[in-house]
Amino acid sequence: MILRLLFTALLLIMVGEPSVRAVEPSERLADPALEARARSLSQELRCLVCQNQSIDESNADLAHDLRVLLRQRLVAGDTDQQVLDYIVKRYGVFVLLDPPFAPETWLLWLTPPLLVLGGGGWLLLRARRRRLDPAMPDLTPEEDARAALLLGDQR
Amino acid sequence: MLVEIGHFALILALLVAAVQGTVPLVGASVRSRPLMDLAPPAALVQFGLVALAFAAFMHAHIASDFSVRNVFENSHSAKPMLYKVTGVWGSHEGSMMLWVLMLTLFGGLVAGFGRSLPTTLRARTLAIQGLLGFGTLLFIIATSNPFDRLLPAPADGRDLNPLLQDPGLAFHPPFLYFGYVGFSITYSFAIAALIEGRVGAQWARWVRPWALCAWCGLTVGIALGSWWAYYVLGWGGWWYWDPVENASFMPWLLGTALLHSAVVVEKRESLQRWTVLLAILTFGMSLIGTFLVRSGVLTSVHSFAVDPTRGVFILVLIALVIGGGLLLYALRAPGLEAGHPFAPVSREGALVLNNLLLSGGMATVFLGTFYPLFAEVWSGVKLSVGPQYFDATFVPILAPGIVAMVIGPVLAWRRGNLARALRRLAPALVGALLAPVLVFLFDRTAPPAALAGVALAVWAMLGVLTDLADRSGLAKLPLGTAWRRLCHLPRGTWGYALAHFGVGVLIAGVVVSTAWRSERIETMHPGQTIEIAGRTLRFVGVTEGDVANYHAQRAQIIVERSGRAAMTLYPERRWYPVARSQTTNTAIATNGFGDLYLALGDPDGKGDWVLRAYYNPLVPWIWFGAVLAALGGLVSLSDRWLRLRLPASRAAAAVAARSVDSR
């Protein structure tokens, strides 16, 4: 009995959540291709009244309105970019979870690659400057194995 | 009465911390043994006093003493006992108490187990830890007093946020804080070493166990938090790149880098300066993480401005800890011994690459987290930085690290041979190239990113297995001998193997659950069925009732496989009248390889309900992987080489015995 209870406890995890969210069946478009585009677009738009949630995840009324709005635009024949532009014009760039590459985000987008490539380049240059002493030969495989044994193959 | 004793103990702890933070420092600089010897007892007394205060605070919560403001605001007499206990750290004041408890615990541990440390190093380390304790205790007493009274006492409390009344979130903070604050001790060691002007293999040997300890706690803490988000947020996501998550992820990334660079210091006496810098920055990130979560600065600049006292206090503390540490580093680091040189292709080289990518990844997360704040302050532009940004920047930075993670351990120290290493890893290489092809044949619509992810996951897992097989001589020796050699591999090796294998398992979970999840969202009437991932879900109906401190609406759903009822699931919605909040409780059935995930949505008022059903393949592997990694850390921690008090003579004897044994 206890085992069974434990097993059930492992099997079923039931816990709290701040009210269920996201796309409602009533909002859905009949055309699956259009609906798929709507879903992917709604993952890129921020719910303005929530903390860091996309309108795809949020159950707020505003998120619902935006989901309906973007579907209306899609049905009207807008491209994805036109839908986003339409919504940005009304709510500002703040709604875009994927920040566009613009002067005010150059720093945001360029720092990571520059940092890693720059850091890697600097390290390589430094390594070339500080060449290993060629007078100190490498261990032979036998010596290597013996050393590993003595050191207990420490990592 | 007990509440006043707790309050008094807290103030006394502050005074002890002041002594601990100053006298041993002076003692170490004038070489006065009695002054230095004050440090360990002071650290133990400080821990004892804080533990007493914490116990008094916990007692107030358990006894539902609503004359204490914090208990009134965060508890209710009808709340289940488990959550009365865990509710202790559910509030701001309580979580700061937990923080300082961990801080003094680590100080006490170093005082208790650090007897083999040189007297001056121990005195200085404990003094720095004392100063950190002083800052935190001052913060608690001045701005967040948990023992604040409320007179006249209210009849009942306001109840804890229902979201926190959950086993996952109940045990998330202790682990997380153990990790966060554990890095305080590596910070103290780093500062002490800078004051001494010496960082060598011995220093790394003392620091590594503490870093491992903290890292394990942080890993488990983050995993618990992500698991909680997964089952609570109702649509199966498990990581949101939310500032609060990033706050814990940044010290984890740097802490992981620290673990690896400390290996180089210990084994090769190289990278000393970088390791000290990492130790300072890792704890700095822990503090910044606390600041992010505690001040509310990122949810909105305005909520921070409403009550800036706490935020400003922590900000000053961060400035002192990081600024002071970096200043000392700038002054002292050039005087530290330069490391031994090594070739770019070597074990050291791979570990440097690991450090570069982990720090680069950390910088990216930092930038993405704070950029909206910077942009708003500088140019007034309100921006959002969502998961798309992190997917596009963080993932490409870390992916080469996964490739290197497998190659590094098979490279020799100082100067390695890449071709030879890849030859040793040939089975893993073949597997990693073959797996995505097989997956593609199975599913022609698989996105390239998912295929690349599968390759990485297989590479990581097979790489570890190949290395283990190689080290035990599976291909060359008789099976029995190989098995014995495998069993006698040092625990440090097993620790590495478990942790790296765990990373592979985690990647598999992430990739497969993201790329191949299925979703059904339907309005259901009683008796209706829907199909998902080869299962039929039969919606029986919804029953209502009052349980403990909430009202429940509970749906019954029968899951059928090949025409037969396999199990029944009960997703529900709960209404907490005291806290006036609604929660939705998912029902998850897992078999270890995939989760059937059900969430009950809104009723339509005509007897129909919205049901959200998901099938998330391999999603449990995300947490299995994290647990394996943490387990690897523990195994490595138990390695006798890392034991703090291992006398040199016994180590030598062990080596001698081993070489005789192998003949």
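Laboratory data are not the source of any read-out in this text; all were calculated from the coordinates shown. On a predicted model such as this, the values are computed, not experimentally measured, just so you know. A quick note on method: Cβ atoms are made from the backbone with ideal geometry, for glycine too, and the neighbour counts reach across all protein chains shown.
Here are some notes:
- Plainly put, the range B:452-575 has a radius of gyration that is 1.26 times its Kirkwood radius, both from alpha-carbon atoms, as the Rg/Rh ratio.
- Cα gyration tensor shape of the range B:1-162, rounded if a/c is under 1.5, else prolate or oblate by comparing a/b with b/c: prolate
- Computing FRET efficiency as 1/(1 + (r/R0)^6) for B:L479 and B:L418, where r is the C-beta to C-beta distance and R0 is 35 Å, gives about 0.70.
- For the range B:555-609 versus the range B:169-236, the spacing of their alpha-carbon centroids is 36 Å.
- Packing-based order for B:152-163, A:49-60, using average beta carbon neighbours within 10 Å, highest first: A:49-60, B:152-163
- Only DSSP H runs of four or more residues enter the estimate; each adds -39500 (n - 2.57), and after division by the residues of the protein assembly as shown the mean residue ellipticity at 222 nm equals -20500 deg cm²/dmol.
- Shielding of B:340-350 by partner chains, average beta-carbon count, 10 Å: 3
- The calculated P(r) of chain B, using every Cα pair and 20 Å bins from 0, goes 16, 47, 32, 5, 0 in percent.
- Amide H within-cut-off set for B:H76, under 5 Å, with H built and near neighbours excluded: B:D159, B:L160
- Cα shape, the protein assembly as shown, gyration tensor, a/c 1.5 rule: oblate
- Within the range B:195-288, chymotrypsin sites (Phe, Trp or Tyr not before Pro) in DSSP loop having at most 15 other beta-carbon neighbours inside 10 Å: none
- Taken residue by residue and averaged, Cβ atoms of other chains lying within 10 Å of the Cβ of B:389-400 number 2.
- Measuring nothing but how far apart in sequence close Cα pairs (under 8 Å, 6+ apart) lie, relative to its length, chain B scores a relative contact order of 12 percent.
- B:G541 long-range amide H proximity, modeled H, under 5 Å: B:Q556
- Ranked by how many other beta carbons lie within 10 Å on average, peptides A:62-68, B:127-133 from highest: B:127-133, A:62-68
- Extension gain for the segment A:W106 to A:K89, taken as residue separation times 0.36 nm less the Cα-Cα distance, is 4.0 nm to one decimal.
- Average beta carbon contacts from partner chains per residue of A:111-120, 10 Å cutoff: 6
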